[in-house]
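Notes follow the structure.
The values are calculated or read from the model by the stated rules, or taken from the named source; none is laboratory data. This one's a predicted model, so the numbers in the text were calculated from it and none came from an experiment. Every residue, glycine among them, receives a Cβ derived from its backbone with ideal geometry; neighbour counts consider all protein chains shown. The area values use the complete protein model at the heavy-atom level, side chains included, leaving out ligands, DNA and RNA. Shrake-Rupley method; radii C 1.70, N 1.55, O 1.52, S 1.80 Å.
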Amino acid sequence: MTGVPTTASTGGLAFGEIPPYSGQQPSPPITPDTGRPARKHQPSYPPRDVVRGILRRKQVSLDLLSPQQADFFGAMEREEEIRKHEEVIAEEEEEEEEEMKKLFFPLKFAPPMRGGKKEKAHGEVEEGRPPKEVEAPHVVRATRVDKIKALILCCLMIAFVGVCIGWETHEDESHSVFGLVGKACVTDCLGDREFRNFFVGNEDHFDSGDIIGLTMHLDPRPSEDNVFYHVRVDIARLDETTVGSFTQTVVKSIEFGPPEAHERKTIHEKVTVNWETPQNHHVINAYSETGVPLSFTLAATKQSPLSDKSVLIAALIMVFVYVFILLEVIHRTLVSIFGSMVALFFFFLMHNGETESIKTIMLHQEWSTLGLLFGMMVLVGELSHTGVFEWLAVRLLVSSKGSFNRLMVLLGLLTALASAFLDNVTTMLLLAPVTIDMCGILGVDPRPYLITEVIMSNIGGTATQIGDPPNIIIGSSFEEVGFVDFIVNVLPCIFLFAVPLSLMLLLWIFKPFMTMKEMPELDAEKLKLTYPIYDEPRLLIAGTSTFFLIILFFLHPLHHKDTAWLALITALLTISFTNPHDVQDVLRNHVEWDTLLFFAGLFVLVEVCAAMGLLEAIGEALADVIKAQSESQQLPIAITLIIWVSAITSAFLDNIPYTATMIPVVRILSDELPDTLPIKTLAWALSFGACLGGNGTLLGASANIVTAGISSNRGFKISFMNFFYPGMMAMILTTAISNLYMVIVYVWVG
């Protein structure tokens, strides 16, 4: 081998000698986590470019060098290969990111759905890399004692089912245990300052420009005739005479009515104080226009002039809350809590600074929803420690037969079918962990599958009376509507048209994710051995509880028990058997407190905005437009308006209070126009709009928020914009399908 010419930089050393330099190492250190040379090295001598040029010119074979010399030049070559490999990986990641951005092509500013290093949970498989070999966990077999415990629990749950079915339920919720605000009376009813003062807190003197808020709860009409009864309420000012007596001067008259046929009706009115000497005391008198006695409860409150703009203020608060959630400046839980506080602040200002106790504020919570979520979170948490979700995920993977599209269709159909007979929140609490574990096995992002599932759960839940909370409210509010009526009138549209077309739309939206990589070949038998049921005793307990709880959900039309009670009692019984001495572990690891707090803040926010009149204003505007149409056009316009207004409103507001607000509006429309607006038809339109509208945004339905919370806790954040594009597209499609279906069936064919 010929020698290499020496240069001034080498100091005349012969080729093959290692030149002295500060911090010299024969080979760069290797990092233990990646197996690659560390990036930070001391400067080499001679320069690496010179060494590479020498190797290229002279074609020096490393095999002919000494081990120390080979290490020196081999390190140069390895570093060059690593650099090129990293460049190739960077180019592939850029191409992959561009493909992912195609998902949000109409919304280019939307963040890509990527699970970065900070989002990747412990144990998750990084996307784009082959799944690692996983050793089979230690399997704990169920003993005879465990089976006896499961048998005891089974007996307790059977007794619980019997009690629920046999115990008569009090369904009249018009009478609260906390009492009604205001004073009850029967027309004709003359008020006075001391004994029958309808003004809350005896605030019966005002300033010019003040607002008097009147809330009347009018009892059902006393007979079944078609007479429209009204209650005339007179606000009278008390003027003191020269002899010390008082005379009444009527300054304002308002009519309330007509009452409902079978239910108590709540009516709100606002009166602006614009008469002379409002500083005097006032009284309220009530009369029946027809002379027939009418019973009612009336409360009058003194409010500030700001109350006259309450609807606008409530709308602006909701807009700002959604903007902050969209921008993700802070966590959405904090946004909902702060938004509810701002709404309460303005609400107190409207009532002259009078605040409410925390006990009264807590009455605005949807405790049924919170209780159901808490109970199901505990049950799902217990099941997740048994390996059953991974076991189910493997079976789904085998059924997909190597196709991502087939896998998404299977998950969507399973979710839609389950949500038709279970509450959609319960469905997602059960299926979301399975989906995340399944995608972890494949090494792919689970968010497209989770979004597809939650959209299909909202669609499938529309099909039956027990599938979605708005349907439960509609079924319990209208005597004309029953469980079978939903199956006959709503279910065909959902499963024949909405579900198939929505799946096609979602497959098209998520096509970049489906075609980005091929599903790896999976050894079914090896997967089944790797992911077994590893905690059989816990599965016996939690599985038995969940089985009977689902039976109770199915039997809800028979026992009418609140699903929150069922879930809470079942969860407490379960942890009494699985974690009797470690409740802290259950509360810390199973319950997603950020999701519960988000719901708590959102419920207060929506209820306060409803108290400001926002939802009532939407319902009244809708009724006014329908009544203004010609008789032949009233039904198709009513169907279209109720469906689309309900869908858009439910996309941005919780559909539970909106549905409760629209129930009396639908009842009034049907009572006033019984020949053109059948109450069943309007009920189906309200059901379609309120349930399908929940897909519009991340906050449109409870199942959306629950799924986002589960995904975030597992390291895959679903942002507002991640959900908005596929969710809004699905909402528009399904709402249009239901609108066309109803017009064809009930107007053209009808």
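Give the calculated FRET efficiency between residue 84 and residue 593 to the nearest 0.05, with a Förster radius of 45 Å applied to their Cβ-Cβ distance. Computed FRET efficiency for residue 84 and residue 593 comes out at 0.40. Among the protein heavy atoms of segment 631-750, carbon and sulfur supply 68% of the accessible surface, probe 1.4 Å, non-protein parts ignored. Taking 7 Å steps out from each Cα toward its Cβ at residue 184 and residue 632 produces label points 5.0 nm apart.
Modelled spin labels at residue 395 and residue 361, positioned 7 Å past Cα toward Cβ, are 4.7 nm from each other. Between the listed residues 384, 337, 310, the Cα displaced farthest toward the positive end of the dipole of segment 277-406, a dipole computed from Cβ unit charges relative to the Cα centre, is found at 384. Accessible surface of segment 353-447, 1.4 Å probe: 66 percent of it comes from carbon and sulfur atoms. In this simple spin-label model, placing a label point 7 Å from the Cα along the Cα-to-Cβ direction at both residue 518 and residue 312 gives a separation of 6.4 nm. Cross-link pairs exceeding 32 Å in C-alpha to C-alpha distance, out of 147/526; 252/309; 265/302; 511/680; 302/359, comprise 511/680. Taking Cα centre as origin and charging only the Cβ of basic (Lys, Arg, +1) and acidic (Asp, Glu, -1) residues, the dipole magnitude of segment 562-676 rounds to 120 debye. Working ranking of peptides 515-523, 675-683, 454-462 by packing, defined as the average number of other Cβ atoms within 10 Å per residue, highest first, is 454-462, 675-683, 515-523. Put a plus charge on the Cβ of each Lys and Arg, a minus charge on the Cβ of each Asp and Glu, and nothing anywhere else: the dipole of segment 392-523 about its Cα centre is then about 460 debye. Here segment 249-345 is assigned +1 on the Cβ of each Lys and Arg and -1 on the Cβ of each Asp and Glu. Its dipole about the Cα centre then comes out at about 240 debye.
Give me the accessible area per residue for segment 633-712, probe 1.4 Å, as a whole number in Å². Spelled out: the 1.4 Å probe surface of segment 633-712, per residue, equals 21 Å². Here residue 155 sits with roughly 80 square angstrom of accessible surface, probe radius 1.4 Å. Computed from the C-beta positions of residue 484 and residue 138 and an R0 of 51 Å, the FRET efficiency is 0.50 to the nearest 0.05. The listed peptides 626-632, 81-87, ordered by packing as a protection proxy, come out as 626-632, 81-87 (highest mean of other Cβ atoms within 10 Å first).
The trypsin sites (Lys or Arg not before Pro) of segment 288-345 include none that DSSP puts in a loop with a beta carbon having at most 15 other beta carbons within 10 Å.
Across the options 537, 586, 516, the greatest Cα extent toward the positive end of the charge dipole of segment 497-591 (unit charges at beta carbon of Lys, Arg, Asp, Glu) belongs to 516. Computed over protein heavy atoms with a 1.4 Å probe, the accessible surface of segment 242-290 works out to 56 Å² per residue. Accessible area per residue for segment 495-560, computed on protein heavy atoms with a 1.4 Å probe, is 52 Å². Highest mean first, the peptides 138-151, 692-705, 411-424 sorted by other C-beta atoms within 10 Å per residue fall in the order 692-705, 411-424, 138-151.
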